[in-house]
Amino acid sequence: MVSMTVTIKNADEQVKMRVAGRLAADVLDMIGDHVKAGVTTGELDTLCHRYITEDQGAIPAPLNYRGFPKSICTSVNHVVCHGIPGERTLKTGDAVNIDITVIKEGFHGDTSRMFFVGKAGIQAQRLAQVAFDSMWLGINELAPGKRLGDVGAAIQQHVEKQRFSVVREYCGHGIGRAFHEDPQVLHYGSYGAGLELKAGMTLTVEPMVNAGKPGVRLLPDGWTVVTKDHSLSAQWEHTILITDTGFEVLTLSAGDR
Ligand code: MF3
Ligand code: CO
Ligand code: CO
C-alpha cells in the first residue's frame, strides 16, 4: 500500500455525509415502485436524474465521472456492476441492482440495492439474500480498532459457505469529498489483517457475489462488468461512518431510520 491518505471527517463533515447518505437512500426508496416489467433502464435513469437534480437539489455523481454517460448504474442479472442505463426493457424474473451516488454540499452518499421484476427465480432470490447478509456481516465488523481484513473475512466466509463466490476486481472504498477515496475495502481477506479503523472514517461496503465462479469480464463499452461464466451476480451497498463505539449506516432506507 503506497501512500494511503484516509480522511477523517470532523463533526461538520459528518453532518454533511449524513445528509448525502440520506438523499442517496431516498432515491432508491423512490425508484422501487418504477421497477416493473416493460420499463427500460434508461427510463429509470431519467426518473432518478430528475429526482436528484430537481427535488433534492443534488448532483448525480456518476454522470460524466471518468466518462460514465448516465446518472445511475443499472446492473441486470449477470451484470456484476457499472451497467449503463439504456434501451434494455426489464422483464418478469429479472434481478437488477440500482446503484445511486449523490453529491450534496460537496459530499458523496453511495448506496445500492437489488430489485426484482415480478417474482424472481429461487436462485436469484437466494443469491441476493446471501449478498445482503454478507454485506451486513461485513458492516457489523466496523468499529475503531477493528481492521479491514475483519470486514473482508466475514463477507468471504459467509459467501463461500453458501458455495457462491466473491468478486475480487472491484471493492468498497473510502468516500467523502471524493467519490472514491482511500482505503480500498476488499470483500475478502483475513481476520486481523489490513488497515486499522478509526472514528471519523467514512467508507462503503458493497460486496459483489456471483452464483458461479468469481471471474469477471469488462464489455467493450468500457464500463459494463459481467460474470465470465454468465452466472447471476448480486450486490448491495451502504455508506457507513465509523463512530467512537462502532458504526452508523448513513444510507438506510427511510423505513429503517
Ligand atoms: N457507485 C459505484 C460504486 O459503488 C461507482 C460507479 S462509477 C460509475 O463505487 F461511473 F460507473 F458510475
Ligand atoms: Co461505492
Ligand atoms: Co455505488
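For the residues F107, F68, the requirement of being away from ligand 1 (no atom under 12 Å from the Cβ), open to solvent by less than 20 Å² (accessible area, probe 1.4 Å) and of a type outside the set (V, I, T) singles out F107.
Here's the yes/no breakdown for (1) in contact with a Phe, Trp or Tyr (Cβ under 7 Å, 6 or more places away or on another chain); (2) of a type in the set (S, T, Y):
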{"site": "L28", "(1), (2)": "no, no"}
{"site": "G57", "(1), (2)": "no, no"}
{"site": "G67", "(1), (2)": "no, no"}
{"site": "S75", "(1), (2)": "no, yes"}
{"site": "G83", "(1), (2)": "no, no"}
{"site": "V96", "(1), (2)": "yes, no"}
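A single member of A120, A124 is away from ligand 3 (no atom under 16 Å from the Cβ), modelled with pLDDT under 95, among the hydrophobic types (A, V, I, L, M, F, W, C) and more than 30 Å from E13 (Cβ to Cβ), and it is A120. Note on segment 1-53: residues that are surrounded by fewer than 14 Cβ atoms within 10 Å (Cβ to Cβ), among the polar types (S, T, N, Q) and modelled with pLDDT of 95 or more total 1. Between I155, I139, the distinction of being within 15 Å of the chain's Cα centre (by Cα), crowded, with 16+ Cβ neighbours inside 10 Å and under 26 Å from A61 (Cα atoms) belongs to I139 only.
Return the total of residues in segment 76-96 being closer than 17 Å to H173 by Cβ and surrounded by 24 or more Cβ atoms within 10 Å (Cβ to Cβ). Before you say what the answer is, go through the steps one by one.
Residues of segment 76-96 that are closer than 17 Å to H173 by Cβ, as a first pass: 80-82.
Narrowing the set further to residues that are surrounded by 24 or more Cβ atoms within 10 Å (Cβ to Cβ) leaves 80.
Number of matching residues: 1.
Report yes if K161 is open to solvent by 20 Å² or more (accessible area, probe 1.4 Å), in contact (Cβ under 8 Å) with a residue 40 or more places away in the chain, over 18 Å from V79 (Cβ atoms) and of a type in the set (D, E, K, R), otherwise no.
When the stated conditions are applied, K161 does not pass them.
On the stretch given as segment 96-117, residues that are more than 13 Å from the chain's Cα centre (by Cα) and within 14 Å of ligand 3 (Cβ to nearest atom) total 1. Checked against the criterion of being assigned to a strand (DSSP E or B) and either in contact (Cβ under 8 Å) with a residue 60 or more places away in the chain or of a type outside the set (K, R) (or both), the candidates H173, H230 yield just one match: H173.
Please go through segment 198-243 and pick out each residue that is farther than 19 Å from H187 by Cβ and either more than 16 Å from ligand 2 (Cβ to nearest atom) or open to solvent by 10 Å² or more (accessible area, probe 1.4 Å) (or both). Please lay out each step first, then the result.
Residues of segment 198-243 farther than 19 Å from H187 by Cβ: 198-200, 219-224, 230, 241, 243.
Across segment 198-243, the qualifying residues are K198, A199, G200, L219, P220, D221, G222, W223, T224, H230, T243.
Would you mention how many residues in segment 96-117 are in contact with a Lys or Arg (Cβ under 8 Å, 6 or more places away or on another chain) and either of a type in the set (S, T, N, Q) or at positive phi (or both)? Of the residues in segment 96-117, 3 are in contact with a Lys or Arg (Cβ under 8 Å, 6 or more places away or on another chain) and either of a type in the set (S, T, N, Q) or at positive phi (or both). Does H180 qualify as being within 16 Å of the chain's Cα centre (by Cα), within 13 Å of ligand 2 (Cβ to nearest atom) and open to solvent by 50 Å² or more (accessible area, probe 1.4 Å)? Here the answer is yes, as H180 does meet what is asked.
The values are calculated or read from the model by the stated rules, or taken from the named source; none is laboratory data. A quick note: this is a predicted structure, and the numbers were derived from the prediction, not measured. Here Cβ is always computed from backbone atoms with ideal geometry, including for glycine, and neighbour counts include all displayed protein chains. Side chains are part of the model used for accessible areas, which takes the heavy atoms of the whole protein and leaves out ligands, DNA and RNA. Shrake-Rupley method; radii C 1.70, N 1.55, O 1.52, S 1.80 Å.
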